[in-house]
1. Between a residue in the stretch 13-36 that is more than 12 Å from Glu2 (Cβ to Cβ) and in a loop (DSSP other than H, G, I, E, B) and any residue that is open to solvent by 100 Å² or more (accessible area, probe 1.4 Å) and of a type outside the set (D, E, K, R), which pairs come within a Cβ distance under 6 Å, given they are 6 or more apart or on different chains?
2. Inside the stretch 1-12, can you point out the residues that are of a type outside the set (A, V, I, L, M, F, W, C), part of a loop (DSSP other than H, G, I, E, B) and surrounded by 11 or more Cβ atoms within 10 Å (Cβ to Cβ)?
3. Tell me, please, whether a residue that is touching a Lys or Arg at 6+ places or on another chain (Cβ under 9 Å), without any contact (Cβ under 8 Å) to a residue 60 or more places away in the chain, open to solvent by 60 Å² or more (accessible area, probe 1.4 Å) and on the phi < 0 side of the Ramachandran plot can be found in the stretch 45-54.
4. When only residues in the stretch 13-35 that are within 18 Å of Lys45 (Cβ to Cβ) and open to solvent by 90 Å² or more (accessible area, probe 1.4 Å) count, which is nearest to the chain's Cα centre (by Cα)?
Amino acid sequence: MEDKTLVCQDCGQEFVFTAGEQAFYKEKGFDNEPKRCKACREKRKNERRQPRQE
């Protein structure tokens, strides 16, 4: 496997999906490549953890 350059669907920035990450995804049985860069994944994760304020 080789590193792949992907584009984040949220911010549009390019990010590298490393060979090591690809091996991890394959080991876990994930079929799809990540769609978001690490920063956007973290942001989304934090948004889901916080209760909504009304």
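1. Correct list of pairs: Lys35/Gln9.
2. Asp3, Gln9, Asp10
3. Within the stretch 45-54, the first condition is being touching a Lys or Arg at 6+ places or on another chain (Cβ under 9 Å), and the residues that meet it are none.
No, the stretch 45-54 has no match at all.
4. Among those that are within 18 Å of Lys45 (Cβ to Cβ) and open to solvent by 90 Å² or more (accessible area, probe 1.4 Å), it is Lys35.
The values are calculated or read from the model by the stated rules, or taken from the named source; none is laboratory data. A quick note: this is a predicted structure, and the numbers were derived from the prediction, not measured. With ideal geometry, Cβ positions are generated from the backbone for all residues, glycine too; neighbour counts draw on all protein chains shown. Heavy atoms of the whole protein, side chains included, go into the accessibility calculation; ligands, DNA and RNA do not. Shrake-Rupley method; radii C 1.70, N 1.55, O 1.52, S 1.80 Å.
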